[in-house]
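See structure below.
The values are calculated or read from the model by the stated rules, or taken from the named source; none is laboratory data. Source: prediction; values computed, not measured. So basically every Cβ, Gly included, is an ideal-geometry build from the backbone, and we count neighbours across all protein chains shown.
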Amino acid sequence: MQPTEDLPTATVPAQARPTERLPVSREAPATAAGSQLTDRYVLRQRVGVDPSAGAEFWRAEDTVLRRPVGITLLRRLPADDRSDDPEGTARAGEMIVRALRSGSFEHRGSARLLDVLAPGTNGLPADVLGAAVAEWVPGRSLAETVADGPVRAERAARAVEALAAAATEAHQRGLVLGCDHPQRVRITPDGRAMLAFLLPRPSVSAADDVRGLGGILYCLLTRRWPLSVADAARAGLVAADRTPAGRLRSPAQLRPGVPLELDTLCMGALGQAGDGLGRVHTAAATHRMLSDVVAEGADQAFFPPVHDGAPAEADDVWQNADRLPDTRRDPQRRRNLRIGLAVLAVGVLIVLGYLAVQVVSLFGAASAPPVVVSPPVASAPPAEPQGPAATATVQNVSVQVFDPEGDGDNAGTVDRVVDGDPATAWNTSRYRQPFPALKDGVGIMASFDAAVPLAGVTIDSSSPGTVVEVRSAPSADSTLDETRRLETVTLDDGETVVPLDSSQPTEHVLLWITTLGGGGGSNVSSIDEVSFERAAAAG
């Protein structure tokens with residue numbers, strides 16, 4: 001974020017502007033994963049780059065407070081005698097000063113600034129001019145959010161509303177966010193768009209923020225980025241389509257069913273309304289229009305939503321017919337149906353027998369013996385034979401995502417693996433590269449009320465080829481090194497039974513996924529249900 005009042009800026013001609021590669025001097029090694037900034041921050045993963053600002057975006061670790069942080073690095077530019085600021089020093093100093101002035105800004109739509117590393121700070125690598133440290137925003141990038149398809153219109157409006165509110169308050173204080181770059185924004189697990197990386201380029205303005213809000217809404221609705229084509233490529237997004245005259249195609253043209261209000265807002269914020277009609281000039285106007293759309297959607301919550309071209313999501317109340325689970329071949333459902341029909345037949349026979357007795361007693365001869373009707377007993381389904389060492393399913397299992405190197409893949413839905421409903425599932429994030437390219441793995445930590453001996457684990461999954469290590473853990477917050485591997489299994493399509501012979505009693509079990517299903521550029525695994533079988537006591 002930066003204030004909009006006039007400050008001296010460095011003029012950088014096109015020949016000297018930074019590019020995707022950001023070369024450095026030979027004596028200064030480029031920063032990489034594992035590099036340290038001062039004696040406190042360790043870089044873990046580069047998640048984006050903004051060459052126009054000479055900035056890189058990193059997920060890092062604060063080694064003092066043991067927490068993840070988001071760091072925006074300002075890199076030294078290649079020396080160029082044709083530039084007034086050949087190495088970007090003046091540019092970096094100006095951006096750092098603006099960051100310091102905005103340090104008191106806090107909003108739920110923007111990451112909070114935690115620390116500023118000014119140029120010359122002891123412990124900075126030679127190729128780093130400065131950095132801004134902010135709280136880490138969990139969730140997904142824009143590209144990850146739309147990887148499986150566009151977002152429902154109402155959810156897209158609700159997501160951008162929070163960021164628009166932050167931009168409105170920032171502009172009222174004379175600051176700007178710089179949200180016109182797709183890799184500066186992340187979508188939180190509760191669906192909010194948040195500014196995750198600070199230090200925008202010196203030339204950014206409030207008008208750029210308005211265009212950025214329109215761009216983010218456009219991207220969520222269409223899966224395309226409507227601003228910089230180069231930024232779209234770096235972020236893994238598709239550039240927006242344009243007409244032969246160079247105008248953007250509206251969201252409603254790409255996705256029939258997008259509400260008129262959102263279609264108009266997108267084009268107006270992006271400056272594509274034409275002849276000044278319908279143009280949206282301020283973040284406050286954007287926020288007001290989004291709030292109206294969200295409020296209208298809340299009023300219609302009890303009615304099926306208008307089809308907007310996007311499939312329903314897993315936790316939507318209203319589902320598309322093709323997403324409903326097919327239960328026609330469910331053996332448990334068929335068994336329950338047979339039992340219910342048998343009980344209903346018995347009830348009908350009892351009622352008919354009672355009526356027959358009443359009729360005979362009313363019209364029959366006085367000496368006639370009473371008629372007694374004994375209803376047939378419904379035959380119960382044959383009991384399954386019990387082996388000599390029967391097991392029992394462990395009850396009251398609590399679960400959480402175990403992700404020591406990430407944000408906790410879809411942590412809000414992990415309870416689905418123990419809800420008793422195979423139709424619901426927990427999915428990992430979708431990775432463009434298989435493990436261990438970005439991290440070693442991700443898992444589910446299950447905890448019981450007390451330590452129990454386990455005879456086995458049953459994992460129901462629709463992701464064949466997923467490799468899972470079953471590990472015992474001394475506590476729910478154990479590190480991976482503190483766990484002990486019990487068994488390794490490759491999941492089939494459906495239920496996979498993992499026997500655990502001679503398992504010692506344990507209170508915590510980690511299902512550690514080391515290989516994801518899918519492959520290619522779409523690596524993801526789905527776990528529908530998990531159950532744990534208690535070993536029978538010897539007797």
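Observations
- Looking only at residues of segment 162-207 that are under 27 Å from the mean Cα position of the chain (by Cα) and among the charged types (D, E, K, R), we find that the one that is farthest from residue 99 (Cα to Cα) is 190.
- Filter result for residue 253 (surrounded by fewer than 24 Cβ atoms within 10 Å (Cβ to Cβ) and modelled with pLDDT of 95 or more): no
- Residue in segment 414-440 that is nearest to the chain's Cα centre (by Cα), counting only those that are among the hydroxyl-bearing types (Ser, Thr, Tyr) and crowded, with 17+ Cβ neighbours inside 10 Å: 429
- Note on segment 480-539: residues that are hydroxyl-bearing (Ser, Thr, Tyr), free of Cβ contacts under 8 Å to residues at least 40 places away in the same chain and closer than 22 Å to residue 409 by Cβ amount to 4.
- Residues (hydroxyl-bearing (Ser, Thr, Tyr) and part of a strand (DSSP E or B)) located in segment 28-60: 41
- Applying the condition of being touching a Pro at 6+ places or on another chain (Cβ under 8 Å) and in a loop (DSSP other than H, G, I, E, B) to segment 441-482 and asking which residue is surrounded by the most Cβ atoms within 10 Å (Cβ to Cβ) yields 453.
- Test: residue 211 is within 22 Å of residue 117 (Cβ to Cβ) and of a type in the set (Lys, Arg): no
- Scope segment 381-419; condition part of a loop (DSSP other than H, G, I, E, B), closer than 29 Å to residue 519 by Cα and at pLDDT 85 or above; matching residues: 403, 404, 409, 410, 419
- Scanning segment 213-229 for residues that are in contact (Cβ under 8 Å) with a residue 40 or more places away in the chain and either in contact with a His (Cβ under 7 Å, 6 or more places away or on another chain) or not in a loop (DSSP other than H, G, I, E, B) (or both) yields a count of 11.
- Screening the candidates 153, 167, 206, 157 for the property of being more than 21 Å from residue 59 (Cβ to Cβ) and touching a His at 6+ places or on another chain (Cβ under 7 Å) yields one hit, 206.
- Checking 190, 180 one by one, the residue that is among the charged types (D, E, K, R) and in contact with a Lys or Arg (Cβ under 7 Å, 6 or more places away or on another chain) is 180 and no other.
- Selection from segment 163-186 of residues that are surrounded by fewer than 24 Cβ atoms within 10 Å (Cβ to Cβ) and over 24 Å from residue 115 (Cβ atoms): 165, 168, 171, 172
- Test: residue 149 is in contact with a Ser or Thr (Cβ under 7 Å, 6 or more places away or on another chain), surrounded by fewer than 20 Cβ atoms within 10 Å (Cβ to Cβ) and not acidic (Asp, Glu): no
- Here segment 65-103 is the region considered, the condition is being of a type in the set (A, V, I, L, M) and at pLDDT below 80, and the residue that is nearest to residue 51 (Cα to Cα) is 77.
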